[in-house]
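Written out below as structure tokens is the structure these notes cover.
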Amino acid sequence: MATPTASGTPQSKATVVIASLMLFSMFFGAGNLIFPPMVGVSAGTNFWPAVLGFLAAGVILPVLAIIAVAISGRSVRDLGANGGAIFGVLFSAMAYLSIGAFYALPRTGAVSMETAITPLLGWEGTIASGVFNTVFFLVALGLAWKPNSIIDTLGKFLTPALVALLVVLIILAALNNPRDPQMPTEEYTSAPMVTGLFEGYNTMDAIAGLAFSIVIVGSLRSKGFKTHNSLVKGTITAALVAGGLLAAIYLGLAWVGQTLPDGQSYESGAPLLAEAANLTMGTFGQALFSTIVVLACLTTAVGLITATSAFFEMLVPKTSYHLWACTFTAMSILFAFQGLDTVLSIAVPFIIFLYPPAISLILLTLIQAVVKQSVVFYWTYRLALWTSVIWSALTVISAQGWGTGALEPVLSLAPGQAVDLGWIMPTIIAAVIGLIVDVSTKTDQKHSNSVTAAADADGDVVVDSPLDAAASPKN
């Protein structure tokens, strides 16, 4: 049993720092490593607008997601319940599946194999991929087996090693290769910030932030953060520190991307970084890059297995955390075995669909925290969230070529639809209508009671963590 830790003590501050490193490592997977250098090299002389756009989606949104969950509940399901019971269950389940077994989790193994192992060791083919992914995910499963120990596994050991390797690569590459920005590529010429924003979307960290909150809350509680206020403060602090570290590493990697001659000839950030490491440190540099890739993917895989399994145990209590963990590990091995292209083909529609309601939910929750003394959102949540869901679903359906002729003229009426931001204006209009209803009627009173029941006015309510039950096997 953890010894209660007083908020503000050296022990509690050290715990929050370790939790911040854990959160950074959970966010920082393969995509986070390879997207920033490509943003840097492709943006060329439009470096800063592109990077700021990338940081908005890849850092600010994930941090806001964790803060939103911290101030409103224990998990993304609690947060999603503001849109109604059906929305809460379906959205949260799809979010965890998209960052879990359907995409981000198998991607960690597939990317490790294709960008680290094959270039360094020359292993390739079906048998090599199968063996590597099996070993990779079994190691991740072993590290995730005791969920409440993840703060020590990642925060104290794996993350410091990952950060140290990244810093070495960035500093040496920046010092040895002068920065030489080229002309921006076509997509970064007219709207570099918007293009960078969508590259930040591809990290999926906004959705991951909603999901990882379950691990942060559970880990801090296991270390003695027992009250609602201490958990909220600790979680928010960890999110801000992790976000700052992410921003610094992203900026460094984007900078490295501009140090390679003819950098725009590379198809992705993986070979670009590998070449930067090779030019800087030779064969040792290639080995260093491969180590960074595998370590980044492994820490993310551990976090994803833990968060996804803990959530589905909470959703279906009769199935234990360990059974869920084994199931998702087996699914990830299967999907990763098929290769990265298969993983991406499964995931892209999920990504496009989930981001609008995810962003809407995050921002509405933060606005609600500011104005809750004046009005409690009820219809504001429901109308806005379901509008974003419907608009997003129609966009995905049209993009798949189903009913495009009928849907496209309607969807194109919304400003920004050409750059996949058409959902914003309809969602804002729906939120305003909902707010008018909430203010003019008192339909929000019942909802207000349920929202405030999670914490006493003095902030001393104990918050149970879904990871508590997951910490020991069920009989």
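I'm trying to understand the selection: among the residues of the stretch 33-51, which are more than 15 Å from Leu260 (Cα to Cα) and in contact with a helix residue (DSSP H, G or I) (Cβ under 8 Å, 6 or more places away or on another chain)? Hits for the stretch 33-51 are Leu33, Phe35, Asn46, Pro49, Ala50, Val51. So if I check each of Leu21, Leu33, Leu52, which one is modelled with pLDDT of 95 or more and not β-branched (Val, Ile, Thr)? It is Leu52.
Of all residues in the stretch 238-286, those being farther than 17 Å from Leu165 by Cβ, polar (S, T, N, Q) and touching a Pro at 6+ places or on another chain (Cβ under 8 Å) number 2. Given the criterion in the same structural domain as Thr108 (by the TED database), touching a residue at least 12 places away in the same chain (Cβ under 8 Å), open to solvent by less than 10 Å² (accessible area, probe 1.4 Å) and more than 22 Å from the chain's Cα centre (by Cα), identify the matching residue among Leu253, Leu279, Leu246, Leu272. The match here is Leu272. In summary, Glu124 fulfils each of the numbered conditions (1) in a helix (DSSP H, G or I); (2) in contact with a Ser or Thr (Cβ under 8 Å, 6 or more places away or on another chain) with the single exception of condition (1). Pairing residues of the stretch 339-359 that are aromatic (Phe, Trp, Tyr) with residues that are modelled with pLDDT of 70 or more and open to solvent by 50 Å² or more (accessible area, probe 1.4 Å), at Cβ distances under 8 Å and at least 6 apart in sequence or on separate chains, gives Phe350/Met94; Phe350/Phe102; Phe353/Met94.
Just a yes or no: is a residue in the stretch 397-412 closer than 25 Å to Arg77 by Cα and in a helix (DSSP H, G or I)? Taking every residue of the stretch 397-412 in turn, none turns out to be closer than 25 Å to Arg77 by Cα and in a helix (DSSP H, G or I). Filtering the stretch 376-395 for residues that are outside any helix (DSSP H, G or I) and at pLDDT below 90 leaves an empty set.
Identification of helices (runs of 4 or more DSSP H) wholly contained in the stretch 30-114 with 2 or more residues that are out of contact with any Ser or Thr (no Cβ under 7 Å at 6 or more places or on another chain) yields 30-43, 47-55, 61-72, 85-99, 104-112. Of all residues assigned to the stretch 312-335, at least one qualifies as being touching a Pro at 6+ places or on another chain (Cβ under 8 Å), open to solvent by 10 Å² or more (accessible area, probe 1.4 Å), assigned by the TED database to the domain that holds Leu64 and part of a loop (DSSP other than H, G, I, E, B).
Table: residues versus (1) closer than 22 Å to Val256 by Cβ; (2) open to solvent by less than 50 Å² (accessible area, probe 1.4 Å).
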position: Leu158; (1), (2): no, yes
position: Ala161; (1), (2): yes, yes
position: Leu166; (1), (2): yes, yes
position: Ile170; (1), (2): yes, yes
position: Leu175; (1), (2): yes, no
position: Glu187; (1), (2): yes, no
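Any residue in the stretch 87-96 that is without any contact (Cβ under 8 Å) to a residue 12 or more places away in the chain and among the β-branched types (Val, Ile, Thr)? Working first, answer last.
Taking the stretch 87-96 and keeping what is without any contact (Cβ under 8 Å) to a residue 12 or more places away in the chain, we get 88, 90.
Now narrow it down to the ones that are among the β-branched types (Val, Ile, Thr): none.
No, every residue in the stretch 87-96 fails to be without any contact (Cβ under 8 Å) to a residue 12 or more places away in the chain and among the β-branched types (Val, Ile, Thr).
In summary, helices (runs of 4 or more DSSP H) completely within the stretch 158-243 and bearing 1 or more residues that are more than 24 Å from the chain's Cα centre (by Cα) and in contact (Cβ under 8 Å) with a residue 40 or more places away in the chain occur at 159-176, 187-190. Scanning the stretch 108-124 for residues that are open to solvent by 40 Å² or more (accessible area, probe 1.4 Å), in contact with a Phe, Trp or Tyr (Cβ under 9 Å, 6 or more places away or on another chain) and of a type in the set (A, V, I, L, M, F, W, C) returns Leu120, Trp123. State yes or no: is Phe137 in contact (Cβ under 8 Å) with a residue 60 or more places away in the chain, crowded, with 19+ Cβ neighbours inside 10 Å and touching a Ser or Thr at 6+ places or on another chain (Cβ under 8 Å)? Spelling it out, Phe137 is indeed in contact (Cβ under 8 Å) with a residue 60 or more places away in the chain, crowded, with 19+ Cβ neighbours inside 10 Å and touching a Ser or Thr at 6+ places or on another chain (Cβ under 8 Å).
Are any of the residues in the stretch 128-148 outside any helix (DSSP H, G or I), under 30 Å from Tyr381 (Cα atoms) and within 22 Å of the chain's Cα centre (by Cα)?
No; the residues of the stretch 128-148 include none that is outside any helix (DSSP H, G or I), under 30 Å from Tyr381 (Cα atoms) and within 22 Å of the chain's Cα centre (by Cα).
Glu199 meets the stated requirement of being out of contact with any His (no Cβ under 6 Å at 6 or more places or on another chain), buried (at least 16 other Cβ atoms within 10 Å of the Cβ) and of a type in the set (D, E, K, R). Contact map, the stretch 387-398: first residue under 15 Å from Ile359 (Cα atoms), second residue assigned to a helix (DSSP H, G or I) and among the small types (Gly, Ala, Ser), Cβ cut-off under 6 Å, separation 6 or more or different chains; pairs are Thr387/Ala430; Ser388/Ser360.
The values are calculated or read from the model by the stated rules, or taken from the named source; none is laboratory data. Owing to the predicted nature of the structure, the values given are computational and were not obtained by experimental measurement. Glycine also receives a Cβ, built like all others from the backbone with ideal geometry; neighbour counts cover every protein chain displayed. Each accessible area value is taken on the protein alone, full model and side chains, heavy atoms only, with ligands, DNA and RNA left out. Shrake-Rupley method; radii C 1.70, N 1.55, O 1.52, S 1.80 Å.
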